[in-house]
Structures are given as C-alpha cells and as structure tokens.
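Rule-based calculations on the coordinates, nothing more; no lab input. Because the structure is a prediction, the values reported are computed rather than measured. With ideal geometry, Cβ positions are generated from the backbone for all residues, glycine too; neighbour counts draw on all protein chains shown.
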C-alpha cells in the first residue's frame, strides 16, 4: 500500500496578527521548542508515512529554514520518500499563486502522481494534535469510501468556524457545510482528508474549470462529491485537536499543555514530536526565583526575585530580577528587564520588555483579551500596555512614544505601517 501525504502550509494566517507578519502560520513557534507544523510532520513519520509534500506559499523562509532536509523527522532520504517543499511559480499557463487548497494540490499533481500512490493524505500544517494516520487509512479502506474526512466534536459556540458534518448510521457523510452561520451539528471537519488516488485526480480535474468554485476542499470538493453521490466517510476522532488559527486559540493551546494531565503528553516516548533542535545550555533558575506550573526551555534564565506562573518560557529567554510573568507565552531570546510585569500575553521572539513596564492584564471577564507583541519589538521602560493590544514587528521605543499618560489602551493595534496615523 503506497501512501503520500500533502501538507498544506501556505496559509497567511492573518488572524494570528503579529505572529504571522514575518512567517507562515505553520512556522509559528509553539510550546517553547517546536513549530506548529512539527505536530503534523511527526504524526506522519510516527504513522510510517515517509513520502511527504509540503505546499508553501506565504512567507516561506522561516518554514524552509526550519524543515531543512527533514533530518529530525528521518525524512532526509535520497531515493524513496522524504520531504519535498513545493512553492508556486509564475511563467507557465498552468501555474499561478494558489487560489485555494484544492488548486494548490492540482498545480502539484504531477509530483503526487509519481509512482501512482494508492492513497493520498491531505493535511493542514497549522493544527495541534496527535493522530495515527494508519488507523484513518484503514477506516477509509474498510468503508470502501472514495474520500474520508476526519471529524471531531467542537463546542457549539465555535462550530461556525468549521466545516460542519452530518452523518448517517454507516458513518457516511450526508451533509457538509463550510462555516455555516447556523450550524446543524457540532461535528466538524478537522481539515484532514484521505482520497483514493484515482478519485482525487477525478475530483480535482472536474473542479478545475468550474467558474463558480473557490477551488477549496471544504467549500467545493467535498460538497460536490456528495452532490455526485460519491461515498464520503466520516472518521470520528476523540482525542485532543485544536486549530491554532487565532490569538486566543494559540494562547489556549499553550494553557492546555499546562493542565494536569496535559492535553498532549510531550514526554510520551512512543509518540515523539520531532523538531529541529537548538544547541542551548540548560535552563538556569537563580536562588530566590519562584516558578509555578510552567514550562521552562533550555537556555532560559530566571533571575533572583522573578516570579513565573502558568507560562511557557522558550529557549534563551531572560527574565530579570523582580519581573513577573503570568499566564503568558514568551518566545525565543526575549529579554524581560527588571520589575516588568507580563500577564496573559504572547511575546514573540527577540522582544525587549523595558524596566518596570507592564504588558497585558488578567481580569475575570468573559473576553480573554490576549495582548500580543510582534517579533523584535522594543518596549520602553515604564510603558503600560493594556489588554487585547496587538503590536507589530520591529517597533522601537520612538514608535511607542505617542500615547498619553504612557499608556497604550485596550484594543490598540499598531504596526510600522500604521504608526504614522498615531503621530
């Protein structure tokens, strides 16, 4: 049985705000030492799927640098299988920027066709979960389906964000609606599909010239297959799965890792999440520092009098004397100076948080109000940054000097492109 996997990794991820200004969503850091795409890639190799195509488009440089030749995932193979990164290119009448997920696969179908696989896995590169794809493929074969959609139950309030599925007693899909305003169920597509290869090629060929199609698997391919009375099965997944497509869900996914037990056990040696390692020294916790229920990565330093609670601290982070970090995600090589307070915030890589500044806030309100600071931004001393603030990348102290009372108020969104409006 020959299986190829296609990982869709070209998403712009605008709902992640500052985190995707310089990188594609699958390349966003996660859980201290990983990138989001590591979970999908590791699921592949742990499921003995070693022939993988990654379709990249938006700001792929960080992603390509992270993946390299695929060695951490045992994908640096010269002959059979391995990792193949494919990007769109111009200059041929059959190529263009990807119009949708199905169009991305269509433009690269000649690569997928090589060796004529029996089955093709279509996967998203921006979800956090653990799934043995071999069980999914076995289910697809047993039901004699033309296509299978992996599905999971989601909270009713979130259902309108997903493709919603209705199934019959044979676990065949009877109805599929992409992001309906009034969902008819809570069973949602995980954006994971298995196709018998011949059916995939037929479905893409039929969709390619439909003028009213967005050329997307969820919006077009699956609904059209149902309309054509094809057998589309629903594989019901009962494990942890989250689409980290927004600031809130990205933050929530990290907090889930700090639960007892955690949503995903990263210490499970039977299902290792592989990643590109960094050469860092051990973390150092100074005498007099206090840490509660947090993840501290290699190379981090927590100074005397600092307090860290319910937070994820990434490699190379410096937390200065008497600084406080609560319910936050701090990414690589961020420097938090003495007396600074960070609460319910996401701080991207190489940010400087100035002395006695305050970022975010924890309030017992319905809205999370997560504050997010973009990569390489410098926060001046004594600045107060309110809840639900989004600051872009590469901002300097002079860019943040236009606010009254040294306060950036609730809900402010600021980047280098917009700062002139505030001056």
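Result for the chain in a Gaussian network model with C-alpha springs under 10 Å: among 42, 311, 185, the largest mean-square fluctuation is at 185. Name the most mobile residue of 274, 215, 402, meaning the one with the largest mean-square fluctuation, in a Gaussian network model of the chain with Cα contacts below 10 Å. Comparing 274, 215, 402 in the GNM, the peak value goes to 402.
Sorting 1, 295, 199 on the 10 Å Cβ count, fewest up front, what's the list? Spell out each step's value before the answer.
Details: 1 9, 295 21, 199 18.
Least crowded to most crowded, the residues run 1, 199, 295.
Cut-off is 10 Å between beta-carbons; in what order do 204, 266, 8 appear when sorted fewest neighbours first? Intermediate values should be presented prior to the final figure.
Working: 204 20, 266 16, 8 25.
The order, fewest Cβ neighbours first, is 266, 204, 8.
In whole percent, what relative contact order does region 284-422 give with Cα contacts below 8 Å and a gap of six or more residues? Value for region 284-422: 14 percent.
Relative to the longest principal axis of the Cα atoms of the chain, helix 197-208 runs at roughly 80 degrees.
The C-alpha atoms of the chain define a longest principal axis, and helix 247-257 lies at about 90 degrees to it. Need the C-alpha centroid separation for region 236-278 versus region 58-87, integer Å. So the separation of the two Cα centres works out to 22 Å. Largest mean-square fluctuation among 142, 343, 177, in a Gaussian network model of the chain whose springs join Cα atoms under 10 Å apart, belongs to 142. Computed over the chain, the convex hull of the alpha-carbon atoms projects to a mean area of 22.1 nm². Taking the number of Cβ atoms within 10 Å of each Cβ as an exposure proxy, the fewest-first ranking of 173, 285 is 285, 173.
What whole-number distance in Å separates the alpha-carbon centres of region 324-363 and region 107-169? Rounded to whole Å, the Cα centres lie 38 Å apart.
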